[in-house]
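Note sheet for the following structure.
The values are calculated or read from the model by the stated rules, or taken from the named source; none is laboratory data. All values reported here derive from a predicted model rather than from experimental measurement. Here the Cβ positions follow ideal geometry from the backbone for every residue, glycine too, while neighbour counts run over all protein chains shown.
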Amino acid sequence: MSRAWVLFRKYAFAIVPAIGLFELALHWKQTRSVPTEAEWQAARAEVERIAQPADLVIFAPQWVEPRAREYFGPELASVQRIARPDETRFPRAIEVSIRGAHRTEIDKWKRVTRQQVGPFEVTISQNPDARVVVDDLVDHVRPDAMAVSVVDGSRESPCPWTRGAVLTGGLGYGPTVPAEHFACADGSVVAVTVISDPTYQPRRCIYAPPVGGNSVLRLRFASVAFGTTLHGHHAIAAEADHANGAPVDVAFRSAGETLGDFVRRDGTGWTPFETMTSEQAGTKGELVVDIRAARGDRRQYCFEADTR
């Protein structure tokens, strides 16, 4: 019998209660550090007082975000902020944090002010590299601003705008499609939704799964204001991103000229893309987006793009 075991048996009567007291102390500390409803409301009031429309409102640690959305509501914890494509478009961030946590996304931003509101630390940070968005394609997804069709050889079949039921299902179905969407004869749909990207972050984007085969899903944005760059991200919804599916190709064209052609392969996350549009800068015009894949199964593709 080892000496360690002999010592444990000898002092077990003291060790076991000590462990219990330690766990009780941890439980007391955790429950005492949970913000009350009144403290949440006070933090909300302060953020409401200082927030500007262009600000990012972000919460730390990240696991507190669902609770924060409940108290801050859609005005402050809006889908545009929570399901943002990235942080580059925000000139400032208001971070609401507890327990000394901070979000890594804004680690390099300059902290301007910091104040304590009950258990919360409310910090305003300045983005040193903010980029102004000229136009956002997500905002164009409506029948008066874009058209959708399926192109098969020389035949182009329009996908009409539909006001019906919300489309959703169980695991494997893909993201929820809102009641208003473009609906194609083959069952394809195009709509603005929120997906869970491969890291399970919410992302607001244009859901446009490719048809497969020789067919092309074509999106025509009628009047886009161009800047010097076309900037975006794309992904396959998390539950299908490891299906070893066909790569998705997305090509952007304007006035017959290809602006950029990008490929999204499985397992590459919320993938950024960017191309120069200097020749189109300062103008408005049609932007055509062609989406295709060799196979359409499990290609729950979603993208966002803006001009800058």
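Taking the stretch 51-94 as the range and being over 19 Å from V194 (Cβ atoms) and basic (K, R) as the test, only R92 passes.
Restricting to the stretch 199-232, name every residue that is closer than 30 Å to W63 by Cα and surrounded by fewer than 21 Cβ atoms within 10 Å (Cβ to Cβ). Correct list: T199, Y200, Q201, P202, R204.
Residue pairs whose Cβ atoms lie under 9 Å apart, separated by 6 or more positions or on different chains, with the first residue in the stretch 69-89 and under 17 Å from R203 (Cβ atoms) and modelled with pLDDT of 95 or more and the second assigned to a helix (DSSP H, G or I) and basic (K, R), are A77/R69; I82/R69. Against the test of being of a type in the set (A, V, I, L, M) and within 19 Å of the chain's Cα centre (by Cα), the options I106, I98 yield a single qualifying residue, I106. A single member of V47, V64, V57 is in a helix (DSSP H, G or I), touching a helix residue (DSSP H, G or I) at 6+ places or on another chain (Cβ under 7 Å) and surrounded by 13 or more Cβ atoms within 10 Å (Cβ to Cβ), and it is V47.
Counting only strands (runs of 3 or more DSSP E) that fall entirely inside the stretch 145-212 and contain at least 1 residues that are of a type in the set (D, E), the qualifying elements are 146-152, 155-158, 180-183.
At least 1 residues being within 18 Å of the chain's Cα centre (by Cα) is the threshold, and among the strands (runs of 3 or more DSSP E) wholly inside the stretch 218-308 those reaching it are 229-236, 257-264, 271-276, 301-307. How many residues are more than 20 Å from A147 (Cα to Cα) and either surrounded by fewer than 15 Cβ atoms within 10 Å (Cβ to Cβ) or in contact (Cβ under 8 Å) with a residue 60 or more places away in the chain (or both) if we restrict to the stretch 248-260? Number of matching residues: 0. Scanning the stretch 179-195 for residues that are surrounded by fewer than 19 Cβ atoms within 10 Å (Cβ to Cβ) and under 20 Å from D136 (Cα atoms) yields E180, V194. Under the condition of being under 17 Å from D249 (Cα atoms) and in contact with a helix residue (DSSP H, G or I) (Cβ under 8 Å, 6 or more places away or on another chain), the residues counted in the stretch 184-231 number 2.
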